[in-house]
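Okay, structure first, notes after.
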Amino acid sequence: MGKVRILMLEDVATDAELVERELRKGKLDFTATLAATEEAFERELGDFVPHLILADYSLPGFDGIEALSIARHRCPEVPFVFVSGEIGEELAIETLKKGATDYVLKQRLSRLVPSVRRALKEAEERASRSRAEEALRQSEERHRVLLEINNAIIAKLDRESLFEAIAHALSRVLPLDRVCLALHDKVHDRLRVHALAGTAAPDSAVPIGAEFSRRSSHLASVFDDKKPFIRQDLEKERRIGVEDGLLQDGIRSYVAVPLIVKAQPFGTFNVASRQCHHYSDADAEFLMEVGHQVALAVENMLAYEEIRQLKSRLEEENVYLQEEIKTEHNFEEIVGESVALKKALKAVETVAPTDANVLITGETGTGKELIARAIHNLSRRKDKPLIKVNCASIPKELFESEFFGHVRGAFTGALRDRLGRFQLADGGTLFLDEVGEIPMELQSKLLRVLQEGEFERIGEEKTCKVDVRIIAATNRQLEKESRANRFREDLYFRLSVFPIEIPPLRQRVEDIPLLAAHFAEQACRRLGVAGNSVSRQDVLPLQSYHWPGNARELQNVVERAVITSRSGALRFELPSGEKVNSGENVGDHEESARPDATSVLSYEELKQRECENVRAALKQTNWKVAGTGGAAELLGVKPSTLATRIKALGIQRPG
């Protein structure tokens, strides 16, 4: 101890001088102040903060026992020695029982210095023991906190509950108003706030999701030196980066420690208070220990979130694949040797190895999806998913959720988080079938994803980044649609970087025999019936038909023939109602069956016949388009295809 502060409670000045002289004679290093009244005594206890009290027993207005009571209440650790005249042995013993350290008679001041030294030594020893006990208690409490945090790491894997548990445990041993977790984005060298706990307001100036440059931030030294950083008073110290925002939130002091994994910092753990000078070096050392556990917790948390996202993605992909399994693909292979088809396939081979967006155009039923699959399978993305979106089958109000996903509670009915098709296709290919049906109000958001690879899920502010190749398909003339302001021109240009037109079946007449044989083999295998061979004579009449439904229509005709044929000879029935029997004398009409100007119906006749067929199917099914017993099932086409044809043909329900 340095210079001793002694408070003397004495109303006789000469007695006080004698006491001081005795103390100096004993070579005691001290400074003294004098009080003679109860009011002065209480004031000096607060202002002077003595190490020792020397008190006369008899004072004007109050006695030494009252002074002892006040001292024991205000500063029980300060030794209290009576220096007084004779009061009798019985009264002297009473003072000791009430807490006095010693009693020295003024007539025997030679005992004063030894008594004072002994009292100060005992007080120092008591203080030392008290500090040791407090340090032990604090150490034990902090070890319990570390254990509690460790248990939280094991038991709580989601971000919110884990961080709340850590903050609750810390609040028992450290003064805090805010706990913050900031993680480092190595790619952009930025820090992002990932979690908050404590009394931080929801509209905090530095909320969850806030990002700031690491290099110019207040946490730069934490990363560079891998050591704690303490701010004692933000109001008086020069502020850096987001510290203005912290002060705006009422934060006055904080300590930040690095989160280190494999000797490299990947984030910071920060504890802050609304009071200044709240954190010491010892607190920082303790938080370094906490930081080691938090680093493990965050590593587990991020791994858990990644697993959860992967699980969610797998579940979504599984749902998607189940939908795909239920979908009847028109082709399993590309079949044909025609010049028109080979030209399209040459274009596929050219563009597939690149990441260029492809726009596949062609009439309904020409096999645009098959071409999209061929492009994906020949690309460097073939080991990643090919995700299909039929834009014509999505209700207008669900487009954004289908494309970009949503978080739970984003709107009525959003009972869980949902990944959109863009996230499912990340790293792979997204096939936008019937892309011309996308609403105009969504096209700008789609354009942003194509240009920047960024979007936000509904109800979430976090920006998602994806690497997706787009293959779009349409039976509409998007260039004309864009000129008529029914499709965004900039989106059209972005989609049609490499256009591929699929020729209609009427331009691939030489492929019809190969396709018919292929479809017959497929149908026999799928339906479990004996195989029926298809000769060229069987299909020659098919080559004279216009095929407005293209290969899909041919497939339906062949499948019906496989079902209805029992004698091994296929009996084809064209949509026009004409029956073509392979058992007929083909030689008699072979020449007339070849496609020429006289044997092929005109386009207007075909359109009129198709319109009649569709009207008849709708009337028969009471205008039910989709589902069991619907017109689409009756005609053997997809509901979306039929809906498109109904619109194109201008067919409207009577009344």
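Conditions (1) part of a loop (DSSP other than H, G, I, E, B); (2) under 22 Å from His184 (Cβ atoms); (3) among the hydrophobic types (A, V, I, L, M, F, W, C); (4) over 22 Å from the mean Cα position of the chain (by Cα), marked per residue:
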residue: Ala197; (1), (2), (3), (4): no, yes, yes, no
residue: Ser221; (1), (2), (3), (4): no, yes, no, yes
residue: Leu234; (1), (2), (3), (4): yes, no, yes, yes
residue: Arg238; (1), (2), (3), (4): yes, no, no, yes
residue: Leu247; (1), (2), (3), (4): no, no, yes, yes
residue: Val255; (1), (2), (3), (4): no, yes, yes, yes
residue: Leu259; (1), (2), (3), (4): no, yes, yes, no
* To do: Being at pLDDT below 75 and surrounded by 12 or more Cβ atoms within 10 Å (Cβ to Cβ) is the filter here, so list the residues in segment 298-313 that pass it.
  => Asn300, Met301, Leu302, Tyr304, Glu305, Arg308, Gln309, Ser312, Arg313
* Just need a number here: residues in segment 354-396 that are part of a strand (DSSP E or B) and basic (Lys, Arg). => 1
* Asked: Could you say whether any residue in segment 441-450 is more than 23 Å from the chain's Cα centre (by Cα), assigned by TED's automatic domain parsing to the domain that holds Glu402 and within 30 Å of Gly336 (Cα to Cα)?
  -> no
* Which of the residues belonging to segment 204-263 are farther than 18 Å from Leu174 by Cβ, among the charged types (D, E, K, R) and touching a strand residue (DSSP E or B) at 6+ places or on another chain (Cβ under 7 Å)? -> Glu211, Arg214, Lys226, Glu237
* Among the candidates Leu109, Leu162, Leu176, which residue alone is over 60 Å from the mean Cα position of the chain (by Cα), outside any strand (DSSP E or B), surrounded by 12 or more Cβ atoms within 10 Å (Cβ to Cβ) and touching a residue at least 12 places away in the same chain (Cβ under 8 Å)? -> Leu109
* segment 408-429 - residue that is surrounded by fewer than 18 Cβ atoms within 10 Å (Cβ to Cβ) and in contact with an Asp or Glu (Cβ under 7 Å, 6 or more places away or on another chain) and, of those, modelled with the lowest pLDDT -> Arg408
* To do: Would you kindly identify the helices (runs of 4 or more DSSP H) lying entirely within segment 2-76 that contain at least 1 residues that are on the phi < 0 side of the Ramachandran plot and hydroxyl-bearing (Ser, Thr, Tyr)?
  => 13-25, 64-74
* Asked: Taking the stated definitions as given, is Leu219 more than 23 Å from Met288 (Cβ to Cβ), surrounded by 14 or more Cβ atoms within 10 Å (Cβ to Cβ) and assigned by TED's automatic domain parsing to the domain that holds Leu174?
  -> no
* **Residue ID - farthest from Trp547 (Cα to Cα), chosen from residues in segment 597-637 that are basic (Lys, Arg), in a helix (DSSP H, G or I) and modelled with pLDDT of 85 or more** => Lys619
* **Lys396 being crowded, with 16+ Cβ neighbours inside 10 Å and either more than 16 Å from Gly459 (Cβ to Cβ) or among the acidic types (Asp, Glu) (or both)** => no
* Find the residue count for segment 405-423, including only residues that are within 12 Å of Cys464 (Cβ to Cβ) and either in a helix (DSSP H, G or I) or among the aliphatic types (A, V, I, L, M) (or both). => 4
* Qualifying position, being β-branched (Val, Ile, Thr) and within 29 Å of Ser130 (Cβ to Cβ), among Thr14, Thr31, Thr37 -> Thr31
* **segment 427-444, residues that are among the small types (Gly, Ala, Ser) and part of a loop (DSSP other than H, G, I, E, B)** => Gly427, Gly428
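The values are calculated or read from the model by the stated rules, or taken from the named source; none is laboratory data. None of the values given here were measured: they were computed from a predicted structure. As a convention, Cβ positions derive from the backbone with ideal geometry for all residues, glycine included, and neighbour counts pool all protein chains shown.
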